[in-house]
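The values are calculated or read from the model by the stated rules, or taken from the named source; none is laboratory data. The shown structure was predicted, so the numbers you read here are calculated from the model rather than taken from an experiment. All Cβ positions, glycine included, derive from the backbone under ideal geometry; neighbour counts span all protein chains shown. Accessible surface areas use protein heavy atoms only, side chains included; no ligands, DNA or RNA. Shrake-Rupley method; radii C 1.70, N 1.55, O 1.52, S 1.80 Å.
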Amino acid sequence: MADVIWVYAELTDDRITATSLEMLAKAAQLAKAEAVLLGPAPEEAVETLAKYGASKIYRCADPIYGDYLTLPAADTVAGLIDTYKPAVMLFASSYSGRDLVGNLSARFDCGAISDVGDFELKGRSVEATIPALGASYQNTSTLTSDGTKLLLVRPKSFEPKINEQPLSIEEVPVASGDDLRKLRLKDRVTVKREGPQLEGAKTIVSGGRGLKGEENFAILKDLAELLDGAVGATRAAVDAGWVPYSMQVGQTGKTVKPELYIACGISGAVQHLSGMKTSKTIISINKDADAPIFQYSDFGVVGDVFKILPQLIDELKKRKAAK
Ligand code: FAD
């Protein structure tokens, strides 16, 4: 097996995403780490990739990769894989990562492993670990097919590591052809973010169906502000239309790992747990003493969120004012 692992680097707001850097750390630990960076990107993005372990970047800054969905990127990545045959290529479990891996595995008629929490190279195979049922179990999947192994990696699976490498950059030709321009990005809706970003927040206050309605999320916002944290939610709260999907934590939402996670009116379904179970400290408030969330909590308060949260907020305000 060749000793090169590629990372498909993604950008948000012109910055390399945390998951891209996490994947680079793992790639550099096992092999020579290289990155593919498609679409317009500032110079700092290239510098960041080198700082976090990429020794080579395959780059094409053409806007086609930003303006059209999936097909131009899939075409270019497939061409690069055909030419250079890296042992493994890592993609984030993001919208574009999932789209690309689906497309590439169909083109190459090869398997792919999704939701990867860790992996090892085993001779010509790749053995991946996939957390299941709220990370209560670890499933193992092995890819034995010839050619590049495609893995979709869960966010927060690895720690990013500064590991500066001498960098070479290879400019790759832009994907061309009208058939690649079938899917156009028509509009990008940006949900206005208030306070810290959920994924990077050190404290998260999350609400579930027990909050009873959209208006009560204002209480969580007050608490989060006092703790310099972000507000999250369960799918039940999102499905009810109380908060946007961008706030959903869990299997089909975001995976978070804050220092402190405060779960308010949340039962603790496995799909929610899988997105927050590895938080350092979990405090839960639930009126049902048998709610499953308590089994995963460091501290539990059995009671009504509408009585406990205002008291907690008052107390924190008093302490802040006394400082
Ligand atoms: P409930 O399970 O209804 O719990 C509400 C809790 O609030 C209860 O425990 C109740 O005792 C408590 N409560 C009520 N009133 C009060 C009060 N006044 N004070 C204190 N406590 C109170 N869910 C996610 O969260 N994220 C996901 O990404 C996700 N993905 C999914 C993917 C699939 C394929 C499927 C099938 C489901 C998914 N779900 C996900 C849904 C998940 O199974 C649960 O339905 C959901 O997490 C439940 O949300 P909840 O805890 O808010 O609601």
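By the equivalent-ellipsoid construction on the alpha carbon gyration tensor, region 1-82 comes out with semi-axes of 20, 16, 10 Å, ordered largest to smallest.
Working note: Cα gyration tensor of the chain, eigenvalues times five, square-rooted, sorted largest first, giving semi-axes of 39, 21, 18 Å.
Evaluating 6.51 cos²θ - 1.76 cosθ + 1.60 at θ = phi - 60° for every residue in region 97-107, the Karplus couplings come out as x, 5, 4, 5, 5, x, 5, 5, 5, 5, 4 Hz, glycine and proline recorded as x. Projected onto their three principal axes, the Cα atoms of region 64-170 cover extents of 42, 35, 31 Å, largest first.
Beta bridges from DSSP with both residues in the chain: antiparallel share about 25 percent, rounded to the nearest 5. Shape of region 192-275 from its Cα gyration tensor (a ≥ b ≥ c, root eigenvalues): rounded if a/c is under 1.5, otherwise prolate when a/b > b/c, or oblate? Rounded. Placing +1 on each Lys and Arg Cβ and -1 on each Asp and Glu Cβ, with no other charges, gives the chain a dipole about its Cα centre of roughly 800 debye. Each DSSP beta bridge with both residues in region 56-193 is either parallel or antiparallel, and the antiparallel ones are about 50%.
Annotation: amide H of ALA31 has no partner in the under-5 Å range at sequence separation 5 or more or interchain, hydrogens built in the peptide plane. For THR12, the residues whose modelled amide H falls within less than 5 Å of its own, excluding neighbours fewer than 5 places apart on the same chain, are THR17.
Solvent exposure of region 201-261, expressed per residue, is 44 Å² of accessible area, with all protein chains present and a 1.4 angstrom probe. Straightening the chain between ARG124 and GLU171 buys 14.0 nm, computed as 0.36 nm per residue apart minus the Cα-Cα spacing. The accessible surface of the chain, taken with every protein chain in place and a 1.4 Å probe, is 49 percent carbon and sulfur.
Each Cα pair under 8 Å and six or more residues apart adds its separation to the average, and for the chain the resulting relative contact order is 14 percent. Mean projected area of the Cα convex hull of region 183-323, taken over all directions, amounts to 9.3 nm². By the helix-only formula, in which each DSSP H run with n ≥ 4 contributes -39500 (n - 2.57) and the sum is divided by residues, the chain has a 222 nm mean residue ellipticity of -8500 deg cm²/dmol.
The string of couplings for region 253-260 from the Karplus curve (6.51, -1.76, 1.60, θ = phi - 60°) is x, 9, 9, 10, 8, x, 5, 9 Hz, one whole number per residue in order, with x for Gly and Pro. Mean-square fluctuations from a GNM of the chain, with a 10 angstrom spring cutoff on Cα atoms, peak among ALA18, ALA41, ALA240 at ALA240.
Solvent-accessible area of LEU185, all protein chains in place: 50 Å² (probe radius 1.4 Å, heavy atoms, ligands and nucleic acids excluded). Each other residue within a Cβ distance under 10 Å of LYS280 adds +1 if Lys or Arg and -1 if Asp or Glu, for a net charge of 0. Annotation: the antiparallel percentage among DSSP beta bridges lying fully within region 1-108 is about 15. Is the shape of region 39-82 best called rounded, prolate or oblate, per the rule: a/c under 1.5 gives rounded, else a/b larger than b/c gives prolate, else oblate, with a ≥ b ≥ c the square roots of the Cα gyration tensor eigenvalues? Here region 39-82 falls in the oblate category.
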